[in-house]
1. Using the Karplus curve 6.51 cos²θ - 1.76 cosθ + 1.60 with θ = phi - 60°, what ³J(HN,Hα) values do you get for each residue of the stretch 157-174, in whole Hz, with x for Gly and Pro?
2. Only sites in a loop by DSSP and with at most 11 other Cβ atoms within 10 Å count here; which GluC sites (Glu not before Pro) in the stretch 25-122 make the cut?
3. For the pair Asn32/Ala18, report the inter-label distance in nm, with labels modelled 7 Å from Cα in the Cβ direction.
4. How many percent of DSSP beta bridges within the stretch 73-132 run antiparallel, rounded to 5?
5. Subtracting the Cα-Cα distance from 0.36 nm times the residue separation, let me have the gained length for Ala226 to Glu91 in nm, one decimal.
6. Which residues among the stretch 152-180 fall inside the zone where the amide N is under 18 Å from a point 7 Å beyond the Cα of Arg316, along Cα→Cβ?
7. Quick one: P(r) of the stretch 1-134 from all Cα-Cα pairs, 10 Å bins, percents rounded to integers, in order of increasing distance.
8. Give the peptides 134-145, 157-168 in descending order of average Cβ contacts within 10 Å, highest first.
Amino acid sequence: MQEVIYLDYNATAPMLPAVKDAIVELAGRALNPSSIHSSGRFARKIMEEARGKILKSVNAKNLVFCGSASEANNFALAQSAGLLISAIEHESIYKSAADSVTIPVNTSGIIDLEALKKLLSQTATKNPQLISVMLANNETGIIQPIKQVVEIAKEYNANNNILVHTDAVQAYGRIEIDFADLGVDLMTVSSHKAGGPVGSAAFIYKNGIELKPFIKGGGQEKNKRAGTENIAAIHGFGVFAEKYQMPDAAFQNYLEEELQKLGCEVVGKNEERLPNTSCIIHPSIPASTMLMHLDSNNICVSSGSACSSGKVETSRVLQMLKVTNAQNAIRVSTGWGTTKKEIQTFIQTLDCIS
Ligand code: PLP
């Protein structure tokens, strides 16, 4: 395959070399941690070591291994019948919360906390509730005020029946995450957006919460999630948790300044954002044209709009933010392997069609 310039880390990332080596070391071995023989005991040891490293990386005490972040998000929503979710959640929340109440976001891309209070005053005394708000948005990188969401939930928690969940998938490995300090009850993380493997995610929960299993069957993960664990991926996740380095915003600042010189706008420029994610609106060129041009030059970025049934639909998130020219939105997301030279080539290539 030809060398590509990969600027789509929020879709998935290349593995850190240490993670890849760790996985290769285990690949092909028979590793079922429920078996009591030596291979099984070895698998369990690997799994528990990884669990410890992941928990340490987010200052938490308990986690259930899942096969993906989508599964962990579905698991979270299965904990309650009364769901309140933000309008900008990932599809794995949005589409699995059929009867949910939506918490609006303002045009800055931040959850509307006054609207949340209003919704809770209408609903808090009825069903048990679960509030799910992501820590950082996958399309814009905008960070949400989760601690304030928790404070508000506590204020309305007279019946002690509100759980707060945060989807921290895009934040993990990119900004500091302290589960205890955030104060949430449940959290989803996975590592494949930042250099860990696909195939393992962590559903993190506070002490004392009785989880209802989402996948039922065998007694794995103390009866909380059935299914034989993916030990190689879990091991890779654990190595990631120990080895990752957070990106600094230098590349992002450079990229955005250069693109602004070309007349592009950066969504949420003045908001607190992930240091690796830039949602860029071109003043005149549709995303599809930019993507084709970039792709033919071996540069991978993603569109801010979704393609379905042959037509480009403006993203739900950008609609919420009332972004003008949302059809011209592309998402550039960087990571551990990105170099300044790659960013320069990307800018020059985009400039050629401007
Ligand atoms: N949550 C967020 C914020 C995401 O961006 C994604 C993937 O893009 C997911 C959840 C789901 O992750 P996965 O596809 O690994 O299950």
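1. With the stated coefficients, the stretch 157-174 comes to 9, 4, 8, 6, 10, 10, 10, 10, 10, 10, 8, 9, 4, 7, 7, 5, x, 10 Hz.
2. Numbers: sites: Glu25, Glu48, Glu49, Glu71, Glu89, Glu91, Glu114; in loops: Glu89.
Listed in order of number, the matching sites amount to none.
3. 3.3
4. 10
5. Result for the pair: 46.3 nm of gain on full extension.
6. Within reach of a label on Arg316: 165-170.
7. 10, 25, 28, 22, 12, 3
8. 134-145, 157-168
Read-outs: derived from the displayed coordinates by stated rules, not from any lab. Because the structure is predicted, anything quoted here is derived from the model rather than measured. Positions of Cβ are backbone-derived with ideal geometry, glycine not excepted, and every protein chain shown enters the neighbour counts.
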